[in-house]
Each structure stands twice: as C-alpha cells, then as structure tokens.
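Below is one structure, written out as structure tokens; comments come after it.
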Amino acid sequence: MSTRAQKYVLFIALMLVLFPACELIDVEPDSNDLRDKFIGTWKFNEDEKKKSDLAFYSVLISKDPTNSAQVLLKNFGNLGNFYTTYGIVTTNRISIENQLVVSIKISGTGTYSSTGIMNWTYTINDGADEITYTATAEKT
C-alpha cells in the first residue's frame, strides 16, 4: 500500500474514533412551565351572584400549542364540550380576557389557591343578560 493510501486509511480510522456518531438525547419537559399545575380536568361548583342556583360541570384545561403563555379551557362557563375559551397564565392565575365564544362574551379570572383548588370570578354576556359568577374548581 502506498504511503498516501496509508495516511488516508489512518485519517479515516482516527475520524471514526474521535468523532462518534451523534446520539439523540431525550430532553426532560420544561418543569418551569407555569401552566403545568392548571392542566387537567376541573370540576366547577358555580354560584350565580344574581340567584342562589348552583351548577356543577367539568372543564378540561390544556396547553395551547401555539402560545406558551396560554391555556385552552373546554366547556368553560358550561357552554358545551365543543367550545373552547383561551386564558393567559401567570404564576397563580388564569386570566380570560374579553372574548367571544359562540356569540357569548366571556371574561374573568381564576386564582390557584392551593393544590388542586381554584377560585373563579367571571362574567358571561349572551346579548340579553350579563351575569357574574363565582365558582370553586377542584382538580379531578
């Protein structure tokens, strides 16, 4: 084998030893995501301020894949499982800015008070009536 060929083979052998193949490493999910404690199914116990009626219903909260500060609330305000409201998450709060869901205006806030409990105040305006609700939500 010529000297040139030997140098080439030696170079290739060194490259294989010095630069091993890249290996994909799983990265742990970001544990600093403020939304994590809100994600899941919540049982709402709602008390309308104008009446003494109570309503019980479930809301599914999930992360918004398009916005890292937002969550999606399915069935918020007991509008039905096909309707989704969005909320902005801060340290212990979900804020629902004025938004239109199925021609109904919704706004409010939910505050995380302890493990698995949120206290909510929100307003729903269907065009005829504007009603303010308070609710306690417990994670199931």
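Since every read-out is calculated from the coordinates, none of them should be taken as a lab result. This is a predicted model, so every value here is computed, not measured. Note that each Cβ is placed from the backbone with ideal geometry, even for glycine, and that neighbours are counted across all protein chains shown.
Rounded to the nearest whole Hz, the Karplus-based 3J(HN,Hα) values (6.51 cos²θ - 1.76 cosθ + 1.60, θ = phi - 60°) of the range 64-76 follow the sequence 7, x, 9, 8, 6, 9, 10, 10, 10, 10, 8, 6, 5, with x at glycine and proline.
Can you put LEU100, LEU73 in order, fewest other beta carbons within 10 Å first?
On the way: LEU100 10, LEU73 23.
Ascending number of Cβ neighbours within 10 Å: LEU100, LEU73.
Listed values for the range 104-115 are Karplus-derived 3J(HN,Hα) couplings in whole Hz (6.51 cos²θ - 1.76 cosθ + 1.60, θ = phi - 60°), namely 10, 7, 10, 7, x, 9, x, 10, 7, 9, 7, 3, and x replaces Gly and Pro.
Between THR123 and LEU60, full extension at 0.36 nm per residue minus the direct alpha carbon distance yields a gain of 20.8 nm.
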